[in-house]
Amino acid sequence: MGRSRGMHEIIGFLNTWRANLAPGKQLRFRVALPAWAQRDRPIELRSSGCIARVACHQCHERPAQVARHVMTRSEASQLISLLVVLVGCACLGFGLGRLIRGRRPEFEGVRSRMGRSAAFLRDARATSVSKHTRLTCAFECIYLCCCEVAEARGMRLDGLDHPDIKLVEFGLSALGVHEAEKIAVQGLAQWRADASPFFPETSVDDACHLAERINRRAIAELTRLRN
């Protein structure tokens with residue numbers, strides 16, 4: 001469709017010169033051809049018995065010059081200041097996030113029990129595992145905290161069964177756990193020792209919250225004893 005329309009436009013232009021166009025005579029002119037016309041390839045047009053050969057030449061427009069902006073010293077200084085502010089905000093946000101989540105002391109990576117306790121706490125929060133597994137992980141988090149605090153207080157842990165009820169009671173007393181929380185932990189310890197197929201009275205969410213609180217208290221107590 002576009003080719004046919006372009007041909008008619010060219011032929012119509014030539015018809016205006018038909019009276020002065022003798023056979024075999026060449027008429028040179030510039031005309032805007034459609035995109036299908038190839039460069040430097042003549043096109044033969046016929047109109048009312050007249051043959052005209054039109055040479056196609058592409059007209060290259062001069063490309064617009066791209067404006068280049070040279071950054072001044074003031075603008076560079078402002079950009080550097082903006083980057084410094086952004087980096088500072090990122091560091092501040094990271095620090096606040098660590099503070100809100102509760103930053104773990106450096107000895108967590110050294111003391112294997114506290115590292116495993118934190119791992120058990122993460123697994124206890126995972127909703128993708130079974131309820132039994134989450135309860136087990138919550139208790140193991142608490143038990144490792146009690147072991148670490150009891151050992152830091154001078155209690156020997158060699159030869160103890162797992163879980164040891166007396167060790168749990170000693171650790172909870174050293175951490176100053178409330179009576180209601182102590183009863184809940186003792187119920188979890190008994191459930192773990194009996195390997196009961198039934199679930200304890202403490203729910204999964206309560207066990208996770210309890211493990212998180214005791215883990216924080218253990219970290220605070222161990223930090224105090226270390227200092």
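Taken together, the values in this text are just the output of simple stated rules run on the coordinates, not laboratory data. None of the values given here were measured: they were computed from a predicted structure. Cβ: placed from backbone, ideal geometry, glycine included. Neighbour counts: every protein chain shown.
Structural remarks
- The stretch 107-226: radius of gyration and largest Cα-Cα distance (Dmax), Å: 13.3, 40
- For the stretch 107-226, the Cβ-based charge dipole about the Cα centre amounts to some 420 debye (Lys, Arg positive; Asp, Glu negative; other atoms uncharged).
- Here the Karplus relation 6.51 cos²θ - 1.76 cosθ + 1.60, evaluated at θ = phi - 60°, turns the backbone of the stretch 205-219 into coupling constants of 5, 5, 5, 5, 5, 5, 5, 5, 5, 5, 4, 5, 5, 5, 5 Hz, with x for every Gly and Pro.
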